[in-house]
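Readers should treat all values here as calculations from the given coordinates under stated rules, not as data from a laboratory. Just so it is clear, the structure is predicted and the values come from calculations on it, not from any experiment. Note that each Cβ is placed from the backbone with ideal geometry, even for glycine, and that neighbours are counted across all protein chains shown.
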Amino acid sequence: MVRGMLKKRLEVGRCRYSFKFFKSRKGQITIYIILGMLILFAAVLVILMQREVIVFKPGELVPTKKGQIENFLTGCIKEKGEEAIFLIGLHGGYINVSQQIKKDASQHLKLSPFTFVPYWAKGESTRIPPLKDIKLRIDTYIESELRNCLLDNQQFNKSYDIIEKSSIDADTEIVDKKVIFNVRWDLDIRDKAGEVISQVLDHVAESNIKLKRVYETAVSVIKTEMNQLMFEDLTIDLLSVGHPKVPITGVELSCSRKKWQVSETRKTFQDMLRINIAQLKVKGTNYVEFPKTQPYFQSHYVWDTGVKYKDVDVAFSFSNNFPFYFEVTPQEGGVMKSGMTAGSEMISYVCLQLWKFTYDVNYPVLVQVKDDKTKFVFNLALTVHVKRNRGDRRGQNVLTPSGVNINYATADDYCKKRTIPITVNTYELTDNNETGVYWREPLSGVNLTYTCLKYRCDIGETTYNFAQAGHAATMRTNFPYCTGGILRGNKPSYKEVWKRVVANQAKSVDLELIQLLKFPAKKIKLVKNKFSTLAGLQAKSLSAVGQMSTTETASIKITRSKESWGKHQETLVISPGLSKGILDQSALTFLAGTDYDYQLEIYLMDDKSILGGYKGNWTVSWDKLKSAEEITFHVLTKDNFKDNTELYSFIGGLGKYTELNAKVLQPEIR
């Protein structure tokens, strides 16, 4: 080619210049310069060829037999390398999921009879396969499959024979935007006549799959979930939206007891999860943005995990067919019911329905990270844990199908099958971080029950110095087998406590009960403080107008939610129209032993509308409460609201109005 180019150029030179020109001294210098440049060009060309810098595009040259052989081999390397990557994406970082993971349903999400996606995050633990392990799995797969790929190629086998002079040694590089498959395999390739066509040693193939970016995005999802509990927060938000079939808390003036079927609530909530989890997006990846008309979705459903890969997108999904643990308390026979704080005599006067339910929900989420250009998908899974309406990943090992068939005709039949030795210790606990009070002592006489699915078993009572155990309140006995049972402890004048206990092996469990104080309703008074206008409400505009009339009813609710173990909520309904018997049986229950802060909420109403109320924080002194003879509550009232707008404005701003008049409206303990 160079000779041809030179010949052409010399011919051009002969056309442009005469021999007379070259005979001159100036012409001789010119021809030397031209020859020197040609020699320099040839030297550079040789150096570039030695360094393999020259690249010929497909179609510029007809491949030699050696080139054809190398193309066969490179094609096999790429094929098997991408097969390995596909399997790794399908199984969450594994080419072949181990039998240990397959047999244990708590370790994987099963998508089909043959597809198992290991949990990268379950409870408090994570199991993220390192990228270096994924690289080694790709190497191993190429080394085991490459030989068959080449030998199974019919076109290759018809023309060539292969003689292996070494084993296959793969060394995969997972770089930012591609995967490079380096293979060392010393081969002699011969034609059918036995002549050596090619001797090949090092081979390289590439894939455009962005495995590293996809992997890093997947890792960011898991690490951010463990720090932020994003899916737990989303679950709690859905519980709190107030869906009519998924009740959580409420008050209603009605004489009809409200009921919900647990099975219907479960199905409805599964549908809510399925629809809303699919809306979640990862900031910094490729996704369709929510319209500006949906600010809630923009602020709550775009999740910042720290990645910024616009060529990767992430999809989250939950299916109603996935394992799903759902428990709601209280319930009876699969039915959730509202309750009333007073008896039948009160119902004839005013009907008030009250309810508050707590949910335990555990379920898996499938995460799929996709390389937009190659359409490669990487699957992984995680589990979500909500306990008593709060995100809590501690000690959650549910979603495991029981290894024992629990199917008995009656609870007695089930409870008789006690084979698991468990020791239960019970304590009285007073613990308030705000006041610095901590006190814990053994508490005997605690009645224990154990619930598994639809069966409830009476375990017995703890006793002091059980089996000469010394300073302890204990019950040591066998429990029936259960992979997700609830152990409850009850004692009069103490708050019920419960703990999830997996009864599958011998263990010891501690239950801590908080003492309660029930303050009689007959010792509670309510004073109305009247104001004239809502605008600019000031304390000086108030005037005490006496206690409730016989046509009025008040709902008094105290709530404490600062410690998970010390959560407390109580509601009392009082009215001068209630009989003495009802008042004698009613009480407002407080946590005992030290001072506690509560959110106090009072609503005064008649049979037509709300008349007034109170909403604010209340610190209850234990020294005053334990010896109190009377508690007086103050509420803001108004004779008549002009319209519903003014009424709703009052109810919505009740906390603000209460704060403005805190000194006057402060509850009094005497």
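A few points about this structure:
- Sites Lys525 and Asp152, calculated FRET efficiency, Cβ-Cβ separation with R0 60 Å, nearest 0.05: 0.05
- Averaging the sequence gap over all C-alpha pairs within less than 8 Å and six or more residues apart, then dividing by the number of residues, gives segment 65-211 a relative contact order of 23 percent.
- Note on segment 251-298: Rg/Rh from C-alpha atoms, Kirkwood Rh, equals 1.23.
- Efficiency of FRET between Glu441 and Arg394 - r from beta-carbon atoms, R0 22 angstrom, step 0.05: 0.30
- Largest to smallest principal axis extent of the C-alpha atoms in segment 443-503, angstrom: 34, 26, 15
- Principal axis dimensions, segment 228-391 - Cα atoms, whole angstrom, descending: 71, 34, 22
- Computed extension gain for Glu289 through Ile33, at 0.36 nm per residue and net of the alpha carbon distance, reaches 85.7 nm.
- Residue pairs exceeding 22 angstrom between C-alpha atoms, taken from Lys103/Lys212; Lys258/Lys499; Lys259/Lys454; Lys102/Lys308; Lys80/Lys375: Lys103/Lys212; Lys258/Lys499; Lys102/Lys308.
- Selection from Ser166, Gln107, Pro129, by position along the positive dipole direction of segment 65-211 (Cβ): Gln107
- Close Lys pairs in segment 596-670 (alpha-carbon distance under 23 Å; sequence gap of 8 or more, or different chains): 11.
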